[in-house]
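Accompanying notes for the structure given below.
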Amino acid sequence: MSQIPPLFKREFLGYFRSPVAYVFLIVFLMASVGCAFFLGRFFDSNIASLESYFQFSPWLFILFVPAVGMRLWSEEKRSGTIELLFTLPVTTLEAVLAKFLAAWAFLCLAVALSFPMALTVAYLGDPDWGVIGSSYLGCMLMAGAYLGICSLTSAFTKNQVISFVISVFICFVMVLLGWSVFTDFLGGYLTLPSWLVDIVSNFSFTTHFSGFVKGIVDAKDAVFFLSLAGFCLFLNVLVLDR
Amino acid sequence: MRTGGAQENSSGSVIRCARQIPFTDMIEVQGLVKDYGSLRAVDGVSFKVNRGDILGFLGPNGAGKSTTMKVITGFLRPTAGTVLVGGHDVTADPVDVKRMIGYLPENAPAYPEMTVEEFLGFIAEARGFRSSAAKAERIERVAGLCHLTQVRRQTIETLSKGFKQRVGFAQALLHDPPVLVLDEPTDGLDPNQKHEVRDLIKKMSAEKATILSTHILEEVDAICTRIIIITRGKVVVDETPDELRARHGGARLDEIFRELTQTDT
Ligand SMILES: Nc1ncnc2c1ncn2[C@@H]1O[C@H](COP(=O)(O)OP(=O)(O)OP(=O)(O)O)[C@@H](O)[C@H]1O
Ligand SMILES: [Mg+2]
């Protein structure tokens, strides 16, 4: 594991060596704040909370996390630098973890940059900082789970577009499974028993995220996100090792 | 003083690891087979490289030279056969093998958005030179050897082909490895640089086992102590340049090469 720091550093700083980081951070902030203002009626609700901001995170992540994750391995494969990387004295696990952690740190940075929203809320009212803290925590954990999926799909192909499209699709399904419209459809129209609907929605990002937004930090939810990411990274290592 | 201390520390460990190895056969390839799907790219290749050897790896396009090198450096897994580098098996302990090898891949891939200095700094850190003094000393040395000083702060994507090639070469030499694997090291270099790189390889060769692939036959004549010619994944020649010429009645290398490999093209 001692080889993680140099790989992490290269990957993380790599975002800022090109316009990618700045374009991403700005557009992500505009989109997430825009959703809170226009779709979530941030001010109209007259409640000092960030719920109207965070309720859109699972949907925004469907597009934004694959945009960060698609290049993780595809880019290395296309440019041939993967040959350089894997002839350095590093194990596949170290490389996978280092790249994942760097991209995750970048996503956490993007999420954290919305902190002025929290300050605005604090200026206008008296928010519950515990809820805000748990929302940020949940958001970052959820980003890790999305990123695990994207890292895995990008290991399959040297084409970033393919990697992006497949990641978006999988992430979309993972959100959809827990969306009330979809679960109502399963229970109502298909008349599936409710225990089955519960099992299906249990695999969704939204189901496990909703608690965090309400200020409930449940270890089960955190374990879900982390183990999903861990499982994807495990497969990621196998794919690269074959 | 500070730099001197770090130099002793950092390069000391590399040299020690090179000297610890009792083997004169630094590279030992035994019955190597590599398939890409249904295509057999390397078909039962065996050879040894001793310290002090410069092995010239020749063969027509698509013969399997690069593939063999990728297996030796641990990038690809062999389909069958074994590769030992300094006594370590590539499949069993790849990281130990990778530590001993300096590898210049074909086309010298590098992270395009980094500057030359950042890139070499990254390689230095990944090769275990973490302190800034040790890192600076390593970069200084290879930048000097490969004439990169003038482009140190340029991003790699803006470099000309020859300079990119030199960055790849510098990266391979950075940790002063006991084994060098160079895939077409002089590709894209100007005549002066070609000459210089050959001199450099020759000068370093006493302490190292070197494999280089090339399409330039005069290069083989100039520096190689041994020639291996492979076609369609099979070794057809493994001897010194002089032996090879003697066996073919003093013909020129390019004539011998054409005669041995013409069935392929
Ligand atoms: N990734 C790959 N997938 C499938 N086939 C491959 C792959 N890489 C190489 N090959 C095939 O393996 C054979 C050997 O290729 P290799 O690159 O080792 O040749 P080479 O001797 O280095 O040729 P050159 O002189 O052109 O560099 C070729 O037939 C090539 O098409
Ligand atoms: Mg080649």
Checklist entry - Which of rounded, prolate, oblate describes chain B, given a ≥ b ≥ c as roots of the alpha-carbon gyration tensor eigenvalues and a/c under 1.5 marking rounded, otherwise prolate only if a/b is larger than b/c? => result prolate
Item to check | Euclidean distance between Cα centres, the range A:1-43 to the range A:161-202, Å | outcome: 27 Å
Checklist entry - What is the set of long-range amide H partners of B:Leu180 at a cut-off below 5 Å, with H atoms built 1.01 Å from backbone N? => result B:Gly102, B:Ala209, B:Thr210, B:Ile211
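Determine one quarter of the surface area of the Cα convex hull of the protein assembly as shown, which equals its mean projected area, and express it in nm² to one decimal.
29.5 nm²
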Next on the checklist: Over 22 Å apart: what share of the alpha carbon pairs of the range B:86-215 falls there, rounded to a whole percent?
Outcome noted: 33 percent
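With each run of n ≥ 4 DSSP H residues scored as -39500 (n - 2.57), what mean residue ellipticity at 222 nm is computed for chain B after dividing by its residue count and rounding to the nearest 500 deg cm²/dmol?
Taking each H run of at least 4 residues, the total per residue is -12500 deg cm²/dmol.
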Next on the checklist: For the range A:27-127, take N as its residue count and report Rg(C-alpha) divided by 2.2 N^0.38 Å.
Outcome noted: 1.45
Checklist entry - Over chain B, what relative contact order in percent results from Cα pairs under 8 Å that are six or more residues apart? => result 26 percent
Checklist entry - Considering amide H positions built from the backbone, and no H for Pro or chain starts, which residues 5 or more places from B:Val42, or on another chain, come under 5 Å of its amide H? => result B:Lys34
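For B:His147 and B:Leu200 in the same chain, what is the full-extension length gain: residue separation times 0.36 nm, less their Cα-Cα distance, in nm?
Here the answer is 17.9 nm.
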Checklist entry - Percentage of Cα-Cα pair distances in the range B:196-265 greater than 19 Å, rounded to whole percent? => result 35 percent
Item to check | Per-pair calculated FRET efficiency, R0 = 60 Å: B:Asp25 and A:Phe203 via Cβ, rounded to 0.05 | outcome: 0.65
Item to check | More than 20 Å apart - percent of Cα-Cα pairs taken over the range B:12-158 | outcome: 57 percent
Item to check | DSSP loop trypsin sites (Lys or Arg not before Pro) with at most 15 other Cβ within 10 Å excluded, longest remaining stretch of chain B | outcome: B:1-129
Item to check | Cα-based radius of gyration of chain A once divided by 2.2 N^0.38 Å, which approximates compact folds | outcome: 1.06
Checklist entry - Per the Kirkwood treatment, what hydrodynamic radius in Å, one decimal, follows for the range A:141-208 from the mean inverse distance over all distinct Cα pairs? => result 13.0 Å
Next on the checklist: Just to verify a number: FRET efficiency for A:Ala112 and A:Thr91, C-beta to C-beta distance, R0 = 41 Å, to 0.05?
Outcome noted: 0.85
Item to check | Two-site label geometry, A:Val173 and A:Lys214: point separation in nm, points 7 Å out along Cα→Cβ | outcome: 2.8 nm
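How much net charge surrounds B:Pro105 when only the other residues with a Cβ under 10 Å from the Cβ of B:Pro105 are counted, with Lys and Arg +1 and Asp and Glu -1?
Around B:Pro105, the surrounding residues sum to -3.
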Item to check | In order through the range B:61-78: 3J(HN,Hα) via Karplus (6.51 cos²θ - 1.76 cosθ + 1.60), integer Hz, x for Gly, Pro | outcome: 4, x, 6, x, 5, 5, 4, 4, 5, 5, 6, 4, 7, x, 6, 10, 8, x
Checklist entry - What are the principal axis extents of the Cα atoms in the range A:5-66, in Å, biggest first? => result 46, 21, 20
Checklist entry - At q = 0.16, 0.19, 0.21, 0.22 Å⁻¹, what log₁₀ I(q)/I(0) does a Debye calculation on the Cα points of the range A:108-242 give, no solvent, two decimals? => result -0.94, -1.12, -1.20, -1.24
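Here, each number is a calculation from the coordinates, and none is a lab measurement. All of these numbers come straight from a predicted model, not from anything done at the bench. As a convention, Cβ positions derive from the backbone with ideal geometry for all residues, glycine included, and neighbour counts pool all protein chains shown.
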